[in-house]
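The values are calculated or read from the model by the stated rules, or taken from the named source; none is laboratory data. All values derive from a computational prediction rather than experimental measurement. With ideal geometry, Cβ positions are generated from the backbone for all residues, glycine too; neighbour counts draw on all protein chains shown. With ligands, DNA and RNA removed, areas are computed over all heavy atoms of the protein, side chains included. Shrake-Rupley method; radii C 1.70, N 1.55, O 1.52, S 1.80 Å.
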Protein chains: 2
Amino acid sequence: VTVSPVDLRNVVAAKRDGKTLAPADIEAFVRAYVRGDASDALVASFLMAALLNGLDDTETLVLTTAMIESGRTVSFDALERPTVDKHSTGGVADGVTLVFAPLAAAMGLAVAKLSGRGLGHTGGTLDKLESIPGLRTDLTPEQIQRQVAEVGCAVAAQTADLVPADGAMYALRDATATVPSVPLIAASIMSKKLAVDTDLILLDVKAGSGAFMKTPEEARGLAAACRRLARDKGRACRVAVTDMSQPLGDSVGNALDIAEAIGILRGETRGRLRDLTVWFAGRASEALLDRAFDEACDLAARALDDGSALERFRAMVRAQGGDPAVADDPSSVLPAAPTVLRLLSDRTGWLASTSAEAIGLAAGTLGAGRARKGDPIDPSVGIVVHPKIGDRLEAGQDIGEIHARDEASAEVAATEVLAALDIAGSRVEAPPMVHEWME
Amino acid sequence: VTVSPVDLRNVVAAKRDGKTLAPADIEAFVRAYVRGDASDALVASFLMAALLNGLDDTETLVLTTAMIESGRTVSFDALERPTVDKHSTGGVADGVTLVFAPLAAAMGLAVAKLSGRGLGHTGGTLDKLESIPGLRTDLTPEQIQRQVAEVGCAVAAQTADLVPADGAMYALRDATATVPSVPLIAASIMSKKLAVDTDLILLDVKAGSGAFMKTPEEARGLAAACRRLARDKGRACRVAVTDMSQPLGDSVGNALDIAEAIGILRGETRGRLRDLTVWFAGRASEALLDRAFDEACDLAARALDDGSALERFRAMVRAQGGDPAVADDPSSVLPAAPTVLRLLSDRTGWLASTSAEAIGLAAGTLGAGRARKGDPIDPSVGIVVHPKIGDRLEAGQDIGEIHARDEASAEVAATEVLAALDIAGSRVEAPPMVHEWME
């Protein structure tokens, strides 16, 4: 079917005028865009019209399906283990995936995590992993398949032929102020999840100041839209809305996040990041291995404490070409920043809130992230902040570290991090870890 | 002032979120676009947001001013005669300008009409004029100035440096389904009128099936927006909302329109096109020469009947390099189509409506217009349909002509034109010529 530019303008005009689009029109539009027959300007105009006038459930489903069909799909049919894809909508110090993949593997599940590289204050999961010397994430589909069968988990770069429509459209949305639309976000996330044939999609929709969705209510709307898409495509999908009113873990950087993940995998580090990872591993095991949730969580905690999850991590690092010694002594293997400044609390009281966004920005200023596609990142720099909301702080107390290229940038970051902490004079409740769970 | 892409995205985001934009933001946006620092995609996204969330009077004024300031402006300070710029929002067989310019010149006014070429079922005013052998419309500002001083009128191509922001933005709106926005249309029209310093802007906002605004109410909204812009810029502007529920004149083509205009200038052809041109000439004379309107209309009619308007037309054609003999014997000078098919009414009754759009489309199919910038047009082809709404028709009555490249295309056009005429069994009222006049 050939579609002339005039027809595509009519599709945009219909959405502009508040009409519901016919499936064939949405399909033609996506196909034309992928082929280069629809200009970025026409698509940007469509995206703004869709953002402002909305897409209903059927339109969103058709858009998502058309995006999936723009590329190849991945199947793990040959695996004996049940497969799970865990995805987070993104937050600060959200290193769940790094721990979840080997932990789920240790529990008898298979995890093939395909990630995009993305932009942000720190690198994405791929960048963090690549701070391990030698480790590669550009695996072929066959390599991923083999590694998942042998090791139980792989974390690799999503190839360009997986949902190419999303890659192009997301970059365009970022450039044209058309990101904040629930149907467009749901289509973007779910097209990539649905293009990989797993037994369970486990979604973590973050809510709070450090996330895209600022309130649990907004996050619930996105969660519901994602679940609906999975249901309509006949796929199992369970969704949690979790708290991002403060950084989840303590480390905001790249090598620092790996070190923190290894601390959890070694059973040494406790806290919210471990708790939430155990929680998701329990949910995956409940859904796919038919275990009671509480029992599954106990098993997950045990796999962290007895070294079996760490062993899967070591095997994954080795399989992907990285130095497996990182699992035993991270500090001797990971790149280190030349300057480490201890962070001391400048006030006494209870931590009432932490601006995850401000801490992310400070890490970005240190060099931990990228503003443009292809920019280099510095894996060694970043921020460690231990206190969580509700914790008691004393002035002068050691509360973390700044890892920087030099003293001057470390001092700037320290000032920014201290300013991001809101200290109250009276006791403060810790926020819930999980706002809602949708089976 | 350097504006980064991020700042421009924030301007789009603000409009997307329903905010009122600061003047500095609108100015920065237009400047960046003209300089090539804002992508077509970002501007298209902005245009859709502005279309759906609106621009208030101040935002529209700031946008219009920024567009004017994107290029040079034209002044006719040296002229002794009062200058008038007459502009129509466009319709089918709307040849008022071709007659108005020499008629107003004959009445002691000066008319420098700068036109764009545009797209459409038939050519624009420039294309029509260029069907006169030798006639050029690419005059320099100095040539225009001199010709207006000597002849009283000139119809020339708008140079690319007059409101360049509009040229680029209009093409983008056309390509991205973001045309139908009253503030954006008003800014586009008025930026070009306000960039030329005349004593009076006379606007003809068309309403009806053959126009962009389908009802007098919609047309009034656009008329009011245009007048407000002129008032805010301290310029005299008077606006008529006139009927376009049927083609205004009888000819839809290029050379055919010139022949019809010459018929009116020779005092031979009567009808709505002559009547509306006289009406506008009367309004211009009333405003600029302090005459009573009725008296001014009488003078205009006389200038058509006594050959003085024709004489100005002849002088204008000669000054622009065309063959002045066209004024005396159009058919011997203008290009003629190889096939002329007489159009006979296929029904008896009263003409209840004429789809101006369908007749325009039929003329386009004959080759009278262009779909893309730079496409060639055939000046000789087109359609002549005499009956107007309310006229009595007899089956077999001669009601016009099809001028075509061959018999086959003439037959197709004849069928389309007859189908565009709605014949009623009882008497029908003629629509008013002018719906509203705003001084």
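Here are A:Ile377, A:Ile383, A:Ile389: which of them is modelled with pLDDT of 95 or more, outside any strand (DSSP E or B) and crowded, with 18+ Cβ neighbours inside 10 Å?
A:Ile389
Which of the following residues is among the small types (Gly, Ala, Ser), over 25 Å from A:Ala165 (Cα atoms) and touching a strand residue (DSSP E or B) at 6+ places or on another chain (Cβ under 8 Å): A:Ala240, A:Ala230?
Within the list A:Ala240, A:Ala230, the selection yields A:Ala240.
Could you list, in sequence order, the residues of segment A:175-191 that are in a helix (DSSP H, G or I) and more than 8 Å from every other protein chain (Cβ to nearest Cβ)? So that I can check it myself, show each step before the final result.
Applying the first criterion (in a helix (DSSP H, G or I)) to segment A:175-191 yields A:175, A:182-191.
The answer is A:Val182, A:Pro183, A:Leu184, A:Ile185, A:Ala186, A:Ala187, A:Ser188, A:Ile189, A:Met190, A:Ser191.
Taking segment B:110-158 as the search range and keeping residues that are touching a residue at least 24 places away in the same chain (Cβ under 8 Å), polar (S, T, N, Q) and not in a strand (DSSP E or B), which one is farthest from B:Val34 (Cα to Cα)?
So the residue we want is B:Ser131.
Does B:Gly90 satisfy the condition of being within 14 Å of chain A (Cβ to nearest Cβ) and outside any helix (DSSP H, G or I)?
On the way: within 14 Å of chain A (Cβ to nearest Cβ): no; outside any helix (DSSP H, G or I): yes.
Here the answer is no, as B:Gly90 does not meet what is asked.
I'd like to check something: does segment B:39-56 contain any residue that is away from chain A (no Cβ under 14 Å), under 21 Å from B:Leu200 (Cα atoms), surrounded by 24 or more Cβ atoms within 10 Å (Cβ to Cβ) and not charged (D, E, K, R)?
no
Just need a number here: residues in segment B:104-147 that are over 23 Å from B:Thr89 (Cα atoms) and touching a Lys or Arg at 6+ places or on another chain (Cβ under 8 Å).
Adding up the residues that qualify gives 2.
Check every one of the helices (runs of 4 or more DSSP H) wholly within segment A:1-77 and list those with 2 or more residues that are closer than 17 Å to A:Val163 by Cα.
A:23-35, A:57-68
Matching residues to (1) outside any strand (DSSP E or B); (2) without any contact (Cβ under 8 Å) to a residue 40 or more places away in the chain; (3) open to solvent by 50 Å² or more (accessible area, probe 1.4 Å); (4) among the β-branched types (Val, Ile, Thr):
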{"position": "B:Cys297", "(1), (2), (3), (4)": "yes, yes, no, no"}
{"position": "B:Ala300", "(1), (2), (3), (4)": "yes, no, no, no"}
{"position": "B:Phe313", "(1), (2), (3), (4)": "yes, no, no, no"}
{"position": "B:Val317", "(1), (2), (3), (4)": "yes, no, no, yes"}
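Would you confirm, using the coordinates I've provided, whether B:Ala292 is surrounded by 23 or more Cβ atoms within 10 Å (Cβ to Cβ), modelled with pLDDT of 95 or more and more than 16 Å from the chain's Cα centre (by Cα)?
When the stated conditions are applied, B:Ala292 does not pass them.
Enumerate the pairs (first residue in segment A:71-95 and surrounded by fewer than 21 Cβ atoms within 10 Å (Cβ to Cβ); second residue anywhere and aromatic (Phe, Trp, Tyr) and at pLDDT 85 or above) with beta-carbon separation below 8 Å, excluding pairs fewer than 6 apart on the same chain, so at least 6 apart or on different chains.
What qualifies is A:Gly90/A:Phe212.
Since A:Asp329 meets every condition but one in (1) at pLDDT 95 or above; (2) touching a helix residue (DSSP H, G or I) at 6+ places or on another chain (Cβ under 8 Å); (3) within 22 Å of A:Leu126 (Cα to Cα), which condition does it not meet?
Here A:Asp329 clears every test but (2).
Which ones in segment A:342-366 are within 20 Å of the chain's Cα centre (by Cα) and open to solvent by 10 Å² or more (accessible area, probe 1.4 Å)?
A:Ser355, A:Glu357, A:Ala358, A:Leu361, A:Gly364
With the requirement that a residue be surrounded by fewer than 24 Cβ atoms within 10 Å (Cβ to Cβ), part of a helix (DSSP H, G or I) and not basic (Lys, Arg), what does segment B:250-275 give you? Write out each step before concluding.
We begin by selecting, within segment B:250-275, every residue surrounded by fewer than 24 Cβ atoms within 10 Å (Cβ to Cβ); these are B:259, B:263, B:266-272, B:275.
Those left that are additionally part of a helix (DSSP H, G or I): B:259, B:263, B:272, B:275.
Within segment B:250-275, B:Ala259, B:Gly263, B:Asp275 qualify.
Could you list, in sequence order, all residues of segment B:99-109 that are open to solvent by 10 Å² or more (accessible area, probe 1.4 Å) and not in a loop (DSSP other than H, G, I, E, B)?
Across segment B:99-109, the qualifying residue is only B:Ala106.
Looking only at segment A:125-149, filter to residues that are more than 22 Å from the chain's Cα centre (by Cα) and of a type in the set (D, E, K, R); which one of those is least open to solvent (accessible area, probe 1.4 Å)?
By that ranking, first place goes to A:Glu142.
Within segment A:22-35, take every residue that is without any contact (Cβ under 8 Å) to a residue 40 or more places away in the chain and within 14 Å of chain B (Cβ to nearest Cβ) and give me the one that is most open to solvent (accessible area, probe 1.4 Å).
A:Asp25
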